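Have a look at the structure below, then the notes.
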Amino acid sequence: MAGPLDTIRVLDLSTVIAGPYAGRILSDLSAQVTKIEGPGGDIMRAAGPARSPGMGAAYLGCNAGKQTLHLDLKDPAQRAVLLEMVAEADVLLHNMRMAAALRLNLGPQELRALNPRLVYCIIVGYGQDGPYRDRPAYDDVIQAEAGWAELHARTGDAPRYAPTIAADKITALYAVAAINAALVARAATGVGATVEVPMFEIMASFLAVEHLAGLTFVPPQGTSGYERVLSPHPRPYRTADGFICVMPYSGRHWRTVFTAIGRDDWANDPDLMSDAARAAMVGTLYARLDACLPARSTADWLDLLRGLDIPCAPVNGMDALLEDAHLKAVGLFRQVEHPTEGAILTVRSPIRYG
């Protein structure tokens, strides 16, 4: 079966993570993606373990399914090759700063004049109408500036970054959504679009969903920050032999858990069945759970809680995911033969079309 983007031709001029990951997702959705790299190649080629020079694991993860062409866009003849491709493309994606793109005569006006159906998508650090538009931006910078790192301090930790490239990858998801929306509009109008995807605004918006909190109201009805996730208590809990995630959510969940562990006094607390009252005592509820879980092994708790239909999970590492029964059954991880790297493990698109 042809995929949903089977006829879409994408030119991916991006580097590092945000743009290449967006291109990878478009490829997973069956678009024909050609990655254009400069003479020195994408800097991510050198990152992480590699079997051969310039083919690092993270680079492979972000660029699976693409064809690659090296062009020096400062060279007129090689730039002309790119322009020939632009004339036939559906999407052009890059994450150069706009000033750099304009210096190369690769701005949206020039390229969309060449191909009015082109969806021109630029991932930038900051929206081009604001005073930060020319600043460099990387994942750590945006995590700090948009409020992500500071949230750790509210849980009693020092400010810190997420142990994943969160801002880049979240921005990539927004870029894919924006590109696909532009393609839908083009199907109706026949005209492409210029799409700006700014990392700072995206991450501020992403975090504001729950953390704007009391500042949602004018005048404010409290402070910023979603109390449940900022409490020090909701975290993987220690068991007799490891850790476990337990997530009682509704009043029924909490009552069921407390009854199962023999604490009828907690189970019969009338505040459990009031959403507002339960939210106000969430720290107390998690502290009670924390105190009880070391009495049994992780496997015992999983058997008990799953039998009661309480949301719970083991605390897996990446190694464990490769052996997970569900992920094996759905074939998420696959061994493939790379044209130059031999056997590698890759991840199929988690999205499937029936």
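Only the coordinates and a few stated rules stand behind these numbers; no lab work does. Quick caveat, the model's predicted, so the values are computed rather than measured. Quick reminder, even Gly has a Cβ in these numbers, built from the backbone with ideal geometry, and neighbours come from all protein chains shown.
Residue order for Phe200, Phe333, fewest other beta carbons within 10 angstrom first, comes to Phe333, Phe200. Only aspartates and glutamates eight or more places from Lys328 in sequence, or on another chain, were considered; those with a Cα closer than 17 Å are Asp319. One chain, two ends: Asp271 and Ala2. Fully extended at 0.36 nm per residue, the span grows by 91.5 nm beyond their Cα-Cα distance.
Here the residues Thr7, Thr284, ranked from fewest to most Cβ neighbours within 10 Å of their Cβ, fall in the order Thr7, Thr284. Each Lys or Arg adds one and each Asp or Glu takes one away; over the other residues whose Cβ falls under 12 Å from the Cβ of Ala291, this sums to +2. DSSP beta bridges fully contained in the chain are about 35 percent antiparallel. Each of Arg228 and Asp324 was given a label point 7 Å from its Cα along the Cα-to-Cβ line. The distance between the two points is 2.1 nm. What's the local net charge at Cys62, with K and R +1, D and E -1, over the other residues with C-beta under 14 Å away? Spelling it out: positives minus negatives among the neighbours equals -1. Give the separation of the Cα centroids, region 34-61 to region 180-258, in Å. Value for the Cα centre distance between the two parts: 32 Å.
For region 102-141, applying the loop criterion from DSSP together with a ceiling of 12 other beta carbons within 10 Å to the chymotrypsin sites (Phe, Trp or Tyr not before Pro) yields no site. For Tyr120, the residues whose amide H sits under 5 Å from its own are Leu92, Ala193, Thr194, Val195, ignoring neighbours fewer than 5 places away on the same chain, with H placed 1.01 Å from N. Rounded to the nearest 500, the helix-only mean residue ellipticity at 222 nm of the chain stands at -12000 deg cm²/dmol, with each DSSP H run of n ≥ 4 adding -39,500 (n - 2.57). For region 253-271, the residues whose amide N sits under 11 Å from a probe point set 7 Å from the Cα of Leu308 along the beta carbon direction are 253-264, 267. Computed from the Cβ-Cβ distance with R0 of 25 Å, the FRET efficiency linking Tyr138 to Ser205 stands at 0.85. Taking GluC sites (Glu not before Pro) in DSSP loop conformation with at most 16 other Cβ atoms inside 10 Å as exposed sites, the chain has its longest uninterrupted site-free stretch at 1-322. With a Förster radius of 51 Å applied to the beta-carbon distance between Val347 and Val218, the computed FRET efficiency rounds to 0.70.
In the chain, the sites counted are trypsin sites (Lys or Arg not before Pro) in DSSP loop states with at most 13 other Cβ atoms within 10 Å, and the longest stretch holding none of them, exclusive of the sites, is 75-351.
Within a Cβ distance under 14 Å of Asp12, other residues only, what is the Lys/Arg minus Asp/Glu net charge? Around Asp12, the charge tally is 0.
Close amide H pairs (under 5 Å, H built 1.01 Å from N) link Glu37 with Leu69, His70, Leu71, residues at least 5 positions away or on another chain. If R0 is 35 Å, the Cβ-Cβ spacing of Leu69 and Ala187 corresponds to a FRET efficiency of close to 0.80.
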